[in-house]
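To start, the structure under review is shown below, and the notes come after it.
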Amino acid sequence: GDEAAAGALAARELLPLAAVLDEASGADASMAVTRRLAIADAYRLAGRPREALAIYDELDRAHPDRAEILLGRAECLVAMDDGLRDAMLIYRRLGASGPGAGASYWLAQLRMLELIERSGRNREQILPRLARLRAESPELGGPRFRARFEALRRRQESAP
């Protein structure tokens with residue numbers, strides 16, 4: 001649905017822009033990081049996680065604690081269905097930052113629960129963790145995340 005449409009839009013609109021940005025030169029170091037991050041995001045959103053991961057890895061070596069770089073790396077690992085354990089470690093690290101970290105915290109919490117569900121192991125942890133997250137914030141990070149948390153809750157409540 002929406003993810004497929006977003007991927008098609010990214011491939012159509014973001015990848016050409018990423019190519020132009022990649023060829024741009026003369027920017028200061030902070031702009032270079034911002035530009036490389038935008039290029040990696042474009043590849044990831046366009047469904048090209050391997051190309052994106054190479055850029056995120058390069059950025060991570062220079063800036064190992066930037067949440068957006070770590071999230072990009074984890075999202076690529078999940079999209080490639082490769083390195084799910086490494087992705088979970090990244091999400092745990094980001095999830096430890098607390099709700100004050102905003103979207104990175106809520107995405108990390110959501111992804112950890114989705115990976116638990118996907119693995120089929122320790123699924124009994126999902127509903128109690130959802131309850132704790134709801135106690136932290138009844139809005140579950142806002143509209144961007146709430147619907148996905150609720151869908152996860154419904155799946156768990158109806159699971160055998």
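Placing a pseudo-label 7 Å from each Cα along the Cα-to-Cβ vector at Glu68 and Asp82 gives an inter-label distance of 2.6 nm. A Cα-only calculation for region 114-160 places Rg and Dmax at 10.5, 29 Å.
Quick note: the coordinates plus some simple rules give every number you see, no bench work behind them. Note that the structure is a prediction, hence the values are computed from the model and not measured. Here the Cβ is made from the backbone with ideal geometry for all residues, glycine too, and neighbour counts use every protein chain on show.
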